[in-house]
Amino acid sequence: MKRVYSKNAVLGLLLAFSFVFFGAGKLAAQAQATTLVSVSNGTALYAQPVGNFVVSGQADSKLLLEMEQLVAQMKANPGSPFFDALQRKFNYFSAIRNEVATGKSVKEAIVSGLEGAALPLPRPTQIALQQLKQEAVNLLKV
């Protein structure tokens, strides 16, 4: 009988040790992931860009020209993964145009237009959204 109790005790200790060991690793990974997400969400991605930007009318015409080029590229690449990236960029630029048309500044429209970049699904990564935002900043900066 003592042998069964000692075997159960050893298995219990081994189980407890494995929970501690694997649980600590998971907590460290979660802490690191939370830090990376908060940095990309809080400071870089949703912050208004700095610098001088074109006026609303010029922004509209530049965005429209770029969107026409995107439509031509989408027609040339239907059904490919490249098509989804082009469509996402088109949606983002369209959202910026809509925000500028409602009276927002170009800087505000660049940030609030990121909601339009969420389609098509699945939602893009933070890095992809940052790249789209940078392309819009480069296009609309003076």
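The values are calculated or read from the model by the stated rules, or taken from the named source; none is laboratory data. The structure presented is a predicted model; accordingly, all values stated were derived computationally and were not measured. Virtual Cβ from ideal backbone geometry, glycine too; neighbours counted across all protein chains shown. These area figures cover heavy atoms from the full protein model, side chains too; ligands, DNA and RNA do not enter into them. Shrake-Rupley method; radii C 1.70, N 1.55, O 1.52, S 1.80 Å.
Values for this structure:
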| read-out | value |
| --- | --- |
| Residue check for GLN126: open to solvent by 30 Å² or more (accessible area, probe 1.4 Å), within 14 Å of the chain's Cα centre (by Cα) and closer than 19 Å to LEU70 by Cβ | no |
| Selection within region 71-105 - among the acidic types (Asp, Glu) and under 22 Å from SER61 (Cβ atoms) | GLU99 |
| Any hit, region 129-142, residues being open to solvent by 30 Å² or more (accessible area, probe 1.4 Å), outside any helix (DSSP H, G or I) and either more than 21 Å from VAL50 (Cα to Cα) or among the aliphatic types (A, V, I, L, M) (or both) | yes |
| Leading residue by the ranking (farthest from ILE96 (Cα to Cα)) among those in region 115-133 that are touching a Pro at 6+ places or on another chain (Cβ under 9 Å) and hydrophobic (A, V, I, L, M, F, W, C) | ALA118 |
| Tally, over region 50-90, of residues that are of a type outside the set (Lys, Arg), open to solvent by less than 40 Å² (accessible area, probe 1.4 Å) and either within 19 Å of ALA117 (Cβ to Cβ) or modelled with pLDDT under 95 (or both) | 9 |
| Unique residue being out of contact with any Ser or Thr (no Cβ under 9 Å at 6 or more places or on another chain) and modelled with pLDDT of 95 or more when the list is ALA136, ALA118 | ALA136 |
| Residues within region 106-142 that are out of contact with any helix residue (DSSP H, G or I) (no Cβ under 8 Å at 6 or more places or on another chain) and within 21 Å of SER61 (Cα to Cα), tallied | 5 |
| Subset tally (residues that are among the small types (Gly, Ala, Ser) and either crowded, with 19+ Cβ neighbours inside 10 Å or not in a helix (DSSP H, G or I) (or both)) for region 91-122 | 7 |
| Filter result for ASN8 (open to solvent by 80 Å² or more (accessible area, probe 1.4 Å) and either at pLDDT below 95 or part of a loop (DSSP other than H, G, I, E, B) (or both)) | yes |
